[in-house]
Amino acid sequence: MADDGPRVEVTRNGPYRVTGGPPLSRQVIGTDERGQSVEWIEGERLPDMDTYELCRCGRSGHKPYCDGSHERVGFQAEEGPAARVPYLQMAQEQDGPEYTLTDAEPLCAFARFCDADGQVWNLIEKPGGGERAKQEAQHCPGGRLVPWKLDERRALEPELPLSLGLIEDPAQGVSGPLWVRGGIPVVDDAGEPYEGRNRMALCRCGASKNKPFCDGSHAAVGFDDGAVTT
């Protein structure tokens with residue numbers, strides 16, 4: 001990707017500094033009549049800007065944007081133990097008759113698409129369940145779950161636009177992580193890249209133990225950036 005393309009910088013104990021003007025919008029977890037996560041719903045698109053800073057301490061009074069609250073509260077954002085571990089090194093593999101599923105549990109962002117219709121780990125092994133398992137895995141915002149084509153050993157990644165999403169989870173009544181989509185690079189304050197991936201979920205509540213990545217803590221702490229709807 002060109003140097004002037006979209007990029008997310010994880011500043012030291014501070015916000016996410018976004019450059020290159022990727023569009024930013026609300027991405028809402030849609031549920032069915034049983035309350036199961038089944039689809040992504042495009043929500044409000046925020047004003048386009050070439051450069052902006054997004055809160056990651058969870059304390060800004062101007063969410064999703066940073067207002068300097070990280071300095072006031074003394075936010076400390078030490079990297080989590082799995083933050084630099086390559087995906088395939090941490091992932092477990094499960095083979096089914098149609099697809100292989102890899103699963104890196106430290107990247108769980110608690111979107112719960114994997115729980116629908118009997119859970120993805122059961123579906124992947126069930127004859128005829130592969131297509132549903134693939135869809136559920138592809139909905140996973142943090143890329144914890146990846147389906148693979150058995151005969152080609154090829155990751156079946158969804159086509160995602162170069163964009164950022166602010167995940168909203170009405171079923172849980174919380175706001176979720178920053179969804180980095182389409183392979184936008186994420187780097188630290190020294191410019192060192194994290195592993196490049198099609199889907200990443202970055203913590204916005206400040207409570208993750210795997211910073212800068214989301215570990216689902218937003219649900220436990222009841223994080224709300226003011227846009228949650230029920």
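Couple of notes before you dig in:
- If the condition is being crowded, with 17+ Cβ neighbours inside 10 Å and either on the phi > 0 side of the Ramachandran plot or modelled with pLDDT under 95 (or both), then segment 40-83 contributes only Gly58.
- Candidate set from segment 1-39 (those that are surrounded by fewer than 15 Cβ atoms within 10 Å (Cβ to Cβ) and small (Gly, Ala, Ser)); member that is nearest to Pro158 (Cα to Cα): Gly30
- Pairing residues of segment 146-167 that are under 17 Å from Asp103 (Cβ atoms) with residues that are in a loop (DSSP other than H, G, I, E, B), at Cβ distances under 7 Å and at least 6 apart in sequence or on separate chains, gives Pro147/Leu156; Trp148/Leu156; Lys149/Leu156; Glu157/Asn198.
- Residue that is under 23 Å from Gly35 (Cα atoms), in the same structural domain as Pro47 (by TED's automatic domain parsing) and among the β-branched types (Val, Ile, Thr), where the choices are Val174, Val186, Val180, Val120: Val174
- Residue in segment 159-167 that is buried (at least 16 other Cβ atoms within 10 Å of the Cβ), of a type in the set (Asp, Glu) and at pLDDT 95 or above present: no
- One residue from Leu107, Leu101, Leu88 being among the aliphatic types (A, V, I, L, M) and either farther than 21 Å from Gly183 by Cα or in contact (Cβ under 8 Å) with a residue 60 or more places away in the chain (or both): Leu107
- Looking only at residues of segment 39-78 that are of a type in the set (Asp, Glu) and within 28 Å of Ala137 (Cα to Cα), we find that the one that is farthest from the chain's Cα centre (by Cα) is Glu44.
- Scanning segment 123-181 for residues that are out of contact with any Cys (no Cβ under 9 Å at 6 or more places or on another chain) and basic (Lys, Arg) gives Lys126, Arg132, Lys134, Lys149, Arg153, Arg154, Arg181.
- Whenever a residue of segment 118-131 is on the phi < 0 side of the Ramachandran plot, its partners that are assigned to a loop (DSSP other than H, G, I, E, B), lying with C-beta atoms within less than 7 angstrom and at least six residues away or across chains, give the pairs Leu123/Gly129; Ile124/Gly96; Glu125/Gly96; Pro127/Pro97; Gly130/Gly96; Gly130/Pro97; Gly130/Glu98; Gly130/Ile124.
- Test: residue in segment 47-70 that is among the small types (Gly, Ala, Ser) and in contact with a strand residue (DSSP E or B) (Cβ under 7 Å, 6 or more places away or on another chain): no
- Restricting attention to segment 179-200, the residues that are closer than 25 Å to Arg26 by Cα and acidic (Asp, Glu) total 2.
- Elements of type helices (runs of 4 or more DSSP H) contained in segment 87-154, each with 2 or more residues being surrounded by fewer than 24 Cβ atoms within 10 Å (Cβ to Cβ) and among the charged types (D, E, K, R): 130-139
The values are calculated or read from the model by the stated rules, or taken from the named source; none is laboratory data. The shown structure was predicted, so the numbers you read here are calculated from the model rather than taken from an experiment. Virtual Cβ from ideal backbone geometry, glycine too; neighbours counted across all protein chains shown.
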